[in-house]
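This report refers to the structure that appears directly beneath it.
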Amino acid sequence: MKVCIAEKPSVAREIASVLGATTKRDGYFEGNGYAVTYTFGHLCSLCEPSDYKPHWKSWDLNNLPMLPDKFHVKVSDNEGIKKQFNIVKGLFDKAEVVINCGDAGQEGELIQRWVLNQANYKGEVKRLWISSLTTEAIKEGFNSLKSSTEYDNLYYAGFSRSIGDWLLGINATRLYTVKHGGHKQVLSVGRVQTPTLAMLVNRYKDIENFQPQPYWELQTLYRETLFSYEEGRFLKMEDGEVLAKKVKEHDFEIVSITKKKGTEYAPKLFDLTGLQVYCNTKFGFSADETLKIAQKLYEKKVVTYPRVDTTFLPNDVYPKVKGILSKLTDYKNLTSSLLNKKIKKSTRVFNDKKVTDHHAIIPTGMQTHLQYNEEQVYDIIVKRFIAVFYDDCKVSNTTVIGKAADVNFKTTGKEILSKGWRVVFDTSTSLSNQKDNNLPTFTKGEKGPHEPSFLEKQTKPPKQFTEASLLRAMETAGKQVDDDELRDLMKENGIGRPSTRANIIETLFKRKYIKRNKKQILPTVTGIQLIDTIQNELLKSAELTGTWEKQLKDIEKGKISANAFIKGMKRMVDALVYEVRSEKVQTRISAVNNKTSEKKNAKSISKKTALVGHSCPKCPSGMLLKGKSAYGCNRYGKGCDFTLPFSFGDKKISENQYLRLLDKGSTVNLRGFKVDGKSIEGLLRFDEAFKLKLEPKQAKIEAGDTCPKCKTGNILKGKTAFGCSNYKTGCDYRVSF
C-alpha cells in the first residue's frame, strides 16, 4: 500500500479524489492501492525545557542559559493529535512507500519530517511537489515524484529555524521576564518579533522627537501652470527673498520645451508580501486576513501556492499561459485580444534564476463562486497576470523651463500615448490618448505676466507605520527601498519569511506590544518600555535578524551547515544571559496597565494613589486630569480620547476602584450596576479601545455543565482552564482557572 500524508484534511480529500482513494476511514481515505492521511498543522513540536531537565521548568535566572546538547521532538500533548498520530503511524507500519504531500515549502517539509521521524518510519519516502491543487497539477506531480532526500536541506533549514527560535525565544523571554517583568508580566522576546517591534518603537520616537525645520519655496503661476524654482528649496529666507523680489519685476519667458518618449512596464506579478501590501493599502485587509484569503483561494484551486517570495515565473510555465487565459471566461473582454496573437514572453516575467521552490502567485484558470473578500483578492491576482502579457504603456514626458530675469523655473507633465497594460486596470477600455498633469501648449520664446509666490513651509516627520509599510520594512530589514529591482535583491536578508510575517505582526498585537490607530500601527507603552529595557542591540537589530534569515536560506541551498548556525545562536544566547544577569539597574514593567513600576520610597508611593497625575493607559505621553463628569487624558482632543466617567451603569465608581482597574486590569466585583432595568453584579475592564465594559459575575463552573455558549456541548476540565467539548467543531468557550 502507498501511504500519502498531506498537511490538512481538505488537501488530503483533493489528492484522494484524484488517486481514486474514495473510501472514507477514520483519519484517512482509502482505495486504488492508496491510503491518503493527513496532519492538521503541527502534530509534533520541539520538546519543552522541562523535558530535558526537570528543574528547567522553573523560571529562575540560575537555570539560564538552557542550551540542550541535542534537540528532541515529541508528539503534541493533545488527545485529538495523539489519536491522529497513532492512525498515521499505523498506516506507515503497513506502507511499501510513503509519499510526503505536505505544503511545498520549508514549514510543510518540517511538519511531515517530524511525523515520519517520530513514527520511526524507515522505508522509502517520495516527495510530491506541486504549486496548485488542480486535478492536472496533482496528476503531473504524481507522475514526477522526487526522492525525499532531494529536500533534506530544506528540512535542515526548517529544523534550524525552529531551534533558533527556541534558543532565543525561550531563554530571552525567561531572562527578561525574571529580570525586568513586574507582577505576572511575561516579557516575550523573539528572534523576529523583537527587531520588528524595535522598528515600530524607533519610528514612533523619531516622530515624537521630530523638530520641524523651516524652508522656503519660490514658485510662480504662468498660464495656469505652476512652475517651481529649478534649484529647489531655500534653507535661508533672505536667500530666497532676493530672487523673489527680482522675478516680480520681469515677465515670464519660456526658455525650452523637451519631450521624451518613455516606457512604463506592467506591475510585477504578486509574491505574498506584495499581495499583502496591496490588499492592506487598497482594501484595508490585515496581512493575516490576506494570507488566510489567499490560502482559501489556493484550496479552492483558483490560484497557485501563495506562501512565496518571488514575482517571477519559470520558463516551463510559458506554454501553459494561453490555456490559463482561455479558461478565464469571466475576463474574456481582457483576454480575447491576447488569445488572437502570440503570447508575449518577457524576462521581467519569466526567469528561471529568480524562482526557487515556487513561482509567483497566478490564477490556475479554474473559476468558482467566491465570497466578496475572496473575489477582491482573486480579481487583482488575475488582472496582474493578464496585464503582464499586454504591450508596455508608452508615454511622453514633457519638461518645460521658463525664466523671469535670470531665475530659472521648471514644470513637468506626462502624456499617455498608448495605454497598453493600463487597459486592464481601467474601467474604460478606450485606447484614446490620455493625459496626466496635462500642460498647455507652450512655445519657446513666448513671454507674459506671471504670479510669483514665496512661501515658508516646514519639514515633515516620517509617517507612522501601516501594516503595508511594516511588511515592506520587514522584507528589506528596515531599509527604505522603493525600487522593485533593488527590493528583490534584498529579500534574502529580510526579517522572517513571507509566510510568517503576518503571524509575527499578529503576535505583537496579542502581546499588547502594538495597537491599531485606524491604518497606523503604534507601539503601546509596554512595547516601548520593553525595547527601552533591552540594552543588547543585537536583539533589536533588524540587520542581524536579516543575516540569520540569509544563513537559513544558505542552509536550504546547502552552502552552510545547520550545525554552524545552531552553534552561533548558542554563543549569542550564552553571551546575552551573562550580559543581562550582570545589569545593575532593574526596570520593572508591570502587568496589564502598561506602566513602569520602579521601587520608590513611601512618600512617592502615597503620591501615586491619586488618579489625577496618573499616566494615561491609552497613550504613552498623557496623564489624567479631573473634569466635571469624568477623569480624562490631558491630550484629549489631540489624539487621545481616554476617559473614566464618574458613574457607569447608574453606579458611582470610586477613585480606588479606578486605580485598581489601572493597576490590576479590573475592578473587584461590584454590586448595583443597572442593565435593562435589572441590577447586576460584576467587574469593570477595558476593551481593546480602552473603553469601559461590564463583565457580569460568572456562576461557578463545573465539569459536566452544559456549555453556556453553544448550548450543546459539555464543560471539560483541562490543565489550566475549563472548555467546551465541541472545541473541535468550532465552539471557542474557554474560562481560565
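The values are calculated or read from the model by the stated rules, or taken from the named source; none is laboratory data. Quantities reported herein were computed from a predicted structural model and do not represent experimental measurements. Glycine gets a Cβ as well: all are built from the backbone with ideal geometry, and neighbour counts include every protein chain shown. Surface areas here come from the heavy atoms of the whole protein model, side chains and all, with no ligands, DNA or RNA. Shrake-Rupley method; radii C 1.70, N 1.55, O 1.52, S 1.80 Å.
One table, with the values for the structure above:
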quantity: Overall Cα dimensions of the chain - principal axes, largest extent first, Å; calculated: 90, 79, 60
quantity: Residue 469 - accessible surface, heavy atoms, 1.4 Å probe, Å² rounded to 10; calculated: 50
quantity: Cut-off of 10 Å, at most 15 other beta carbons, DSSP loop: longest stretch of the chain lacking such GluC sites (Glu not before Pro); calculated: 250-445
quantity: Rel. contact order, % - alpha carbon contacts under 8 angstrom, at least six apart, segment 115-179; calculated: 24
quantity: Binned Cα-Cα distance frequencies in segment 77-174 - 5 Å width, integer %; calculated: 2, 12, 18, 19, 19, 16, 7, 4, 2, 1
quantity: Label-point separation in nm, residue 537 to residue 76, each point 7 Å along Cα→Cβ; calculated: 4.0
quantity: Cross-link partners of residue 122 among aspartates and glutamates (Cα-Cα below 13 Å; sequence separation of 8 or more within a chain); calculated: 93, 96
quantity: Phi-based couplings in Hz for segment 203-209 (Karplus 6.51, -1.76, 1.60; Gly and Pro marked x); calculated: 5, 4, 5, 4, 6, 4, 8
quantity: Stretch gain in nm, segment residue 315-residue 8, where the contour uses 0.36 nm per residue and the Cα spacing is subtracted; calculated: 107.5 nm
quantity: Qualifying lysines (Cα of each under 21 Å from Cα of residue 711; at least 8 residues distant if same chain); calculated: 697, 700, 728
quantity: Mean accessible surface per residue for the chain, computed with a 1.4 Å probe while every protein chain stays in place, in Å²; calculated: 51
quantity: Pair residue 446, residue 207: separation of 7 Å Cα→Cβ label points (nm); calculated: 4.4
quantity: Qualifying trypsin sites (Lys or Arg not before Pro) for segment 509-551 [loop in DSSP, other Cβ within 10 Å: at most 15]; calculated: 512, 518, 519
quantity: Cα-Cα P(r), segment 136-217, percent of pairs per 5 Å interval; calculated: 3, 11, 10, 11, 11, 10, 8, 8, 8, 7, 6, 3, 2, 1
quantity: Which of 221, 211, 240, positive extreme of dipole for segment 164-259 (C-beta unit charges); calculated: 211
quantity: For residue 644, residues with placed amide H under 5 Å, excluding near neighbours; calculated: 631, 632
quantity: Loop trypsin sites (Lys or Arg not before Pro), segment 658-717 (other Cβ atoms within 10 Å of the site Cβ: 13 or fewer; DSSP); calculated: 691, 697, 700, 709, 711
quantity: Efficiency of FRET from Cβ geometry, residue 67 and residue 120, R₀ 22 Å, rounded to 0.05; calculated: 0.25
quantity: Charge dipole (the chain, unit charges on Cβ, about Cα centre) - positive-most of 562, 129, 684; calculated: 684
quantity: Rounded Å value of the spacing that divides the Cα centres of segment 86-115 and segment 156-173; calculated: 23
quantity: FRET E, pair residue 332, residue 417, Förster distance 35 Å, beta-carbon r, rounded to 0.05; calculated: 0.85
quantity: Normalised alpha carbon radius of gyration of segment 665-736 [divisor 2.2 N^0.38 Å]; calculated: 1.30
quantity: Chain lengthening between residue 93 and residue 563 when straightened (0.36 nm per residue, less Cα-Cα); calculated: 166.1 nm
quantity: Förster radius 25 Å - calculated FRET efficiency between residue 261 and residue 344, Cβ distance, rounded to 0.05; calculated: 0.80
quantity: Protein accessible area in segment 204-345, 1.4 Å probe - carbon and sulfur %; calculated: 48
quantity: Segment 1-133: equivalent-ellipsoid semi-axes (sqrt of 5 x gyration tensor eigenvalues, Cα, Å); calculated: 33, 14, 13
quantity: Greater than 18 Å apart at Cα, pairs in 383/518; 259/414; 652/691; 8/709; 510/638; calculated: 383/518; 8/709; 510/638
quantity: Full-extension gain in nm, residue 654 to residue 186, via 0.36 nm per residue minus C-alpha separation; calculated: 165.5 nm
quantity: Check: the chain dipole with +1 on Lys, Arg Cβ and -1 on Asp, Glu Cβ, in debye; calculated: 1880
quantity: Relative contact order [Cα under 8 Å, 6+ residues apart], the chain, whole percent; calculated: 13
quantity: Largest to smallest accessible area among 60, 69, 732 [probe 1.4 Å]; calculated: 69, 732, 60
quantity: Relative contact order, percent, segment 1-84 [alpha-carbon distance under 8 Å, six or more residues apart]; calculated: 26
quantity: Separation of alpha-carbon centers, segment 131-148 and segment 250-293, rounded to whole Å; calculated: 36
